[in-house]
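Step one of this worksheet: look at the structure below.
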Amino acid sequence: MKAVRCWFGAAALGLLLLPAVPAAQAGAYPDKPVTVISDAPPGSTPDIDARFVAEALTKMWGQQVIVVNHAGAFGSIAARAAADAAADGYTLFLPSLASFIAGPGIAPNVPLMLPRDFLPIGFTAENPMFIAVGPSLGIGTLPELIALAKKEPGKITIAATGVGRLTHLTGLVLQERAGISLLPVPYTAGPAVALGDVAGGRVAMIIEGYSGLIGSVKAGQVKLIAVASPQRLPQFPDLSTVAETLPGFAATGWQVMVAPPGTPQPVIRKVSADLSKAMSDDDFKKRLATIGSYSRSMTPDEALDFVHKEQATWLPVVEKVSAK
């Protein structure tokens, strides 16, 4: 932001010409709407999580926080849009796991590396992957799915709702760990169309966060058969984890909030503190849990450490899968 110069009156000294402090650094932030760029397709779990976060910050700041989706190309489109934005705190970025673990050379601008590409602010939400099947498959558990897939290799269809997304990677790792082969059916417009095909029996199964499945699950159109969380979830005590069948298996998506390099540190600190407060609110946590997502509070340094550890876990998986 360019510095402006203002005249201030001084009773004994007359008029002095002094440089004004940018509003974003003077405690007035935010004094206008804030845009949050999401790399997730509309209707997906990360998108819904992002809108919950935006709503919480809107109430806290008294300024509209607007989510803008730039999905596709392994998060590189969103990353470019966020990097090109002014570093004044009025454009923030909420990338998901996929943007940090895209295979090198697979798309420009990714995988993201912090703090080289963006400055960490804090953690927002995590969402374990759920495996759901349509009525046409005639099975109700993960062991039954694996047994059927081994009996009919390459015939059971799985909705692929975004190459490189965690939903896609989870399906690939599931096949490798279970020793099965599934037939991917690609979708580019998010989970809604894919879920309709699963519910209608045109595709056998889908892997997605719960918020993307909730309507069809409650309507009885699809059935949850497993969740890829480390332990059973309190909201789903009767739903088995994938790890109960394939020990050690876990796949949980997440989002962190970041800002373009050069964003003033006072803004980073304020957004981080307010985000942490919002993520720690009991009512917010309960609301998020109803869609199968869970919030955690992290400082910028903690978020940075978290991302680095997740990259150490998932990048080797991506490289292994990409080599096949």
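Mind checking the per residue accessible area of the chain for me, 1.4 Å probe, whole number of Å²?
Normalised by residue count, the accessible surface of the chain is 44 Å².
Across region 91-101, in residue order, what do the Karplus-derived ³J(HN,Hα) couplings come to in whole Hz, using 6.51 cos²θ - 1.76 cosθ + 1.60 with θ = phi - 60° and x for Gly and Pro?
Taking θ as phi minus 60°, the curve returns 10, 10, 10, 10, x, 9, 3, 4, 5, 9, 10 Hz for region 91-101.
Could you please put Met60, Met279 in sequence from largest to smallest accessible area, using a 1.4 Å probe?
Largest accessible area first, the list is Met60, Met279.
Would you work out which of Ala160, Leu183, Gly220 lies farthest towards the positive end of the dipole of region 159-228, given +1 charges on the beta-carbon of Lys and Arg and -1 on that of Asp and Glu, about the Cα centre?
Gly220
Can you spot the aspartates and glutamates whose alpha carbon is less than 13 Å from Lys285's alpha carbon? Ignore those fewer than 8 places along the same chain.
Once the sequence-local aspartates and glutamates are set aside, what remains near Lys285 is Asp49, Glu126.
Let me know the charge dipole size of region 242-324 about its Cα centre in debye, to the nearest 20, where only the beta-carbon of Lys, Arg (+1) and Asp, Glu (-1) is charged.
The dipole of region 242-324 has a size of about 140 debye.
Probe 1.4 Å, all protein chains in place: accessible area of Phe74 in Å², nearest 10?
The value for Phe74 is about 50 Å².
So between Arg269 and His308, what do we pick up on full extension, going 0.36 nm a residue minus the alpha carbon distance?
12.0 nm
Can you compute the helix-only [θ] at 222 nm over the chain? Use -39500 (n - 2.57) per DSSP H run of at least 4 residues, normalise by all residues, nearest 500 deg cm²/dmol.
Taken over the chain, the calculation gives -11500 deg cm²/dmol.
For semi-axes √(5λ) of the Cα gyration tensor in Å, several values are listed as [x] 43, 19, 16; [y] 25, 22, 20; [z] 31, 26, 18; flag the one computed from this structure.
Recomputing semi-axes √(5λ) of the Cα gyration tensor in Å here gives the entry labelled [x].
List the aspartates and glutamates whose Cα sits under 20 Å from the Cα of Lys151, skipping any in the same chain fewer than 8 residues away.
Glu176
Round to the nearest 10 and report in Å² the accessible area of Arg296, as given by a 1.4 Å probe over the protein chains' heavy atoms.
Counting only protein heavy atoms, Arg296 exposes about 90 Å² to solvent.
What order do Ile37, Ile77 take when sorted by accessible area (1.4 Å probe), most exposed first?
Ile77, Ile37
Report the charge-dipole magnitude of the chain in Debye, nearest 20, computed about the Cα centre from +1 at each Lys and Arg Cβ and -1 at each Asp and Glu Cβ. All intermediate terms of the calculation are to be shown ahead of the outcome.
On the way: 26 positive and 25 negative charges, 45 e Å.
Dipole size: approximately 220 debye.
Quick one: with all protein chains in place, what share of the accessible area of region 165-239 is carbon or sulfur, to the nearest percent (1.4 Å probe)?
With neighbouring chains kept in place, the figure for region 165-239 is 56 percent.
If Ser44, Ser276 are ordered by their accessible area, calculated over protein heavy atoms with a 1.4 Å probe, which sequence runs from highest to lowest?
Output order, biggest surface exposure first: Ser276, Ser44.
The values are calculated or read from the model by the stated rules, or taken from the named source; none is laboratory data. What you see is a predicted model; the values in this text were computed from it and never measured. Please note: Cβ atoms are built from the backbone with ideal geometry, for glycine as well, and neighbour counts cover all protein chains shown. For accessibility, only protein heavy atoms count, side chains too; no ligands or nucleic acids. Shrake-Rupley method; radii C 1.70, N 1.55, O 1.52, S 1.80 Å.
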